[in-house]
Structure formats: structure tokens, C-alpha cells
Amino acid sequence: MRKTSYESPSADSIIFNIIRNEGSINRTDLVANTGFAKSTVSLQINKLIETGIIQEIKPKKSENTVRKLQIEIVPDAGYVIGVFLGIHRLSISLFNLRMETILEAVYDLESILNPEFINRLIIKKIDLLISEAKIQKKSLWGIGLGFPFPVDFHQGISEAPPNLPLWHQYPVQAIYENHFSCPVLLDNDVNVMALGEAYSGIAQDENDFIFVKVGNGIGCGLFMEGRVYRGAKGSAGDIGHIALDRETKLCHCGNIGCLETIAAAPSIAQKGLEVAMTGDSPILQKKLAKNHKVTSKDVGEAAQMGDMFALRIIKESGKNLGSVLAKLVIFANPGMVVIGGGVTKSGTLYLSAIREEILRKATHIATIDLQIRYTDLQDKCGPIGSGRLIIEDIFSSRNFTKTIEGKFNIPNALQDNNGKFL
Ligand SMILES: [Zn+2]
């Protein structure tokens, strides 16, 4: 059976990625961190400085009494874009090579039914962001896309979303590659949100965690052994369509009793609407009269205020989700479960119900140190994760040399006989 073969990373990519992770570091510490000979570190550092991707600077007096030269990435040597598409919202962020946000933009969307229109719009908005930031197109090193439906990650195409038929087998990645002439990666929204949490959120110290997005649907990103686990076809973590016994509601996927029909935001809102209409919940009745609708956030707020019917809805939904998550916790033994998405606006009672059910149903060993928390990145999680999706790929040991060769005019002294970066 064919298994993944792991190439040994090159010395320059190891050194570069340590500098990237540390922010800034001196040569002595680099020798200690890598275990390479001093001469190897020196050679690689000098080579990378010559390309212009890293620089050596004198720290300010107050920062370091020894005042050893510090090596850091030249932040504006290049940029990446993170695009996060929701059902009604589009977020685009421009990051420098240190993943500092340079510019960001958010747009409300009527509908994402038409892929041709949506992709044209996104491309236009990326072009606008680049021109506002006054950077040249060639300085764009990559684009990461997080879209709200299943995707074939390896081919860069969207798969068959039952409610968005026009997106079936749509060549998303190729459209952006053709327009921007830079590397592009497409992944689903929960996987990029997991990446956002892994690098910039509360899960930064976790090597194994689960990110669960609860909004209009329910999905889950599995971050296992330091990377996103996507499965054979890229659909790993599609837990919204795990069917629960005794549930009878028809799901848009065609199955009956799927988790997302009873625990996602629309189901919480629908149940809230019912108790508002019957008058069982006076708080929600007032909300309905005022806003002509009831949202999952309204139900959460009513529950926080002690409304018994709202409380029951929130607890039941949290319990149903917790029941499925307990199985995942037993199966994958994550160190943390991070809950994100619109439902976090329902308040902490929902989280408590999830936590209670996981602790009740999962094994002692799997829950003893398990943390179950809401994300604190909120809406930033998606675009940051999309940016991470691409920047981690272009600087991976597999792509590092190609990225550097493609972006810099490598001086002759640093080329071998075939013009390759030494
Ligand atoms: Zn379903």
C-alpha cells in the first residue's frame, strides 16, 4: 500500500521557518535551535539575506543588553491574501509575510448561488485591495480561499453542495491562478477556521484539536498531529450530517435526522419562533412583535434572562451537539474543542450544555485535560485561516525553494549550473 513519503526539509527552509516562527532570532540561537554547524547556518543566512527575504538588524539598546544582531523576515518582501466566503458575507484580508494585517474588507452578499458572479466579484475586490495598499501584483505571493461547502482540496474544485448546484465541480482554484499568476489554495470554511485557531487563536499550543463551526449548518475541522486532516475525499469532519436516532426532520442533503437539522442556528431560531408564537415565551414574543423574526441570538439572550422555554431550546441543541462531539472526543482524543460560528452569539449556556454532554458521555481519559471553549477570534478566524492556508504552503519544505526562485532574481553566485537556487 502506498504511504506518504516525507522528504527531508532543506537547511534553508528549516532556518527560514524558525525565523518566521520566532519573529526575530540571532545566529547563536539559530545554531542551538537547528543543531546545524555554525558554518552551515552562516552560509544559509547570508544566502537568504542576499535574496532579500530576511534581514539582519541591530536591536535597540533597551531590548537587548548584549545587542546581538537579530535576523527577521523582511515583512513587505511579499504579501498573501486570505478570502473567506460565507453565505451572506465576504471577508478579504491582505497580510504581509509576517501575517500582519495590512488591509481588510468585508462585504454583505445577497446570495452566493451564482459562482461566475461571485468569483468575478471576489477577484474585483482583491484587485481593489491590492491597489488600495499600493502594492504591485507581482508582490502577491499567494491566495488562500475558504468557501462554505465541500471542496476537492487536491484539485481545487468545489464539490456538490446540495443547496448550491451551480458550484458543483467548479474550477475555483484555476480561475484565481489564471488571473493572479500566483499559487492559490481552496479549502472549506471549517478547515481554514481550524488553521486560524491553530496559528492565531486559542489553540496555538495544541497539536490536536477539533474546531466546530455552528452557524446555518454544522461542520468540523480536524487538526491532528499539527495539520488539518481532510480524509480520502476531503470531506472529513462533515459532522452536521451525522444522523441522530429518533430524529425525523428532513435535511437538505436528503437524509433524515441530521445533526444540523436539530442543533444549528436555524433550528434554534425556528424553535424560538414557535414558543414566541404560542406566547409560551413572553420575551421572544416581544422580540417577534418588534423585529418580525426570532434569531438564535434572541433565543440565547432570552435563556440568559431566565426564560424557561428559551433555556430548554438552548440546552437541547447544545446537548444534541455535545452528544455527537463526545463520540469524536473518544475517537480522536483532541486536547481542545473550539466552538465558533454564529451560534456563539447565543451565549455561554449553549457552551455549558455542550460541555456537560461531552463530559458525561466521553471516556475519563479523553476528557481529563480536555478544554471546551468558544473561539475568541470570531469573524477574524476565517480570513486569518485562509491566509495561513496559503502562506504555510508556499513556505513548506516542499515548496520553499520554488517560492524563493519564483519571487527573487537569484544572484549568479547562488545558482547551480542549471540556474537553481543553491
Ligand atoms: Zn444532512
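The values are calculated or read from the model by the stated rules, or taken from the named source; none is laboratory data. What you see is a predicted model; the values in this text were computed from it and never measured. In this analysis, Cβ positions are derived from the backbone assuming ideal geometry, glycine residues included, and neighbour counts consider all displayed protein chains. Please note that ligands, DNA and RNA were not included when accessible areas were found on the heavy atoms of the full protein model with its side chains. Shrake-Rupley method; radii C 1.70, N 1.55, O 1.52, S 1.80 Å.
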Report the Cα centroid-to-centroid distance between segment 339-355 and segment 29-91 in angstrom, as an integer. 38
Rounded to the nearest 10 Å², what accessible area does GLU206 have for a 1.4 Å probe in the complete protein model? 40
Grab the other residues whose beta carbon is less than 11 angstrom from that of THR28, score K and R as +1, D and E as -1, and report the net. +2
Largest-first ranking of ARG355, ARG20 by accessible area, probe 1.4 Å, whole protein assembly kept, is ARG355, ARG20
Pick from PHE147, PHE211, PHE117: which is most flexible by mean-square fluctuation in a GNM of the chain where alpha carbon atoms under 10 Å apart are linked? PHE117
With a 1.4 Å probe and all protein chains in place, put HIS179, HIS292, HIS252 in order of accessible area, largest first. HIS292, HIS252, HIS179
Return the carbon/sulfur percentage of the accessible area of segment 341-398, one whole number, probe 1.4 Å, all protein chains in place. 50
I need the fraction of alpha carbon pairs in segment 11-73 separated by more than 17 Å, rounded to a whole percent. 33
Need one number: the % of Cα-Cα pairs in segment 254-346 sitting beyond the 22 Å mark. 32
Per the Debye formula with a single identical scatterer at each Cα and no solvent contribution, what log10 I(q)/I(0) holds for segment 38-104 at q = 0.17, 0.23, 0.29 Å⁻¹? -0.76, -0.99, -1.13
Within the chain, helix-based [θ] at 222 nm, where runs of 4 or more DSSP H residues each add -39,500 (n - 2.57), nearest 500: -13000 deg cm²/dmol
Roughly what percent of Cα-Cα pairs across the chain reach past 30 Å? 49
So which DSSP H runs in the chain come out at 18 Å plus along the axis (Cα) with average Kyte-Doolittle of at least -1.0? 38-51, 115-132, 265-278, 308-332, 348-361, 381-394
Please identify, among ARG67, ARG373, ARG98, the residue showing maximal mean-square fluctuation in a Gaussian network model of the chain using a 10 angstrom Cα cutoff. ARG67
What is the ratio of the Cα radius of gyration of segment 328-385 to 2.2 N^0.38 Å, with N the residue count, to two decimals? 1.21
Suppose each label sits 7 Å from its Cα in the direction of the beta carbon; what would the LYS249-GLU316 distance come out to in nanometres? 0.9
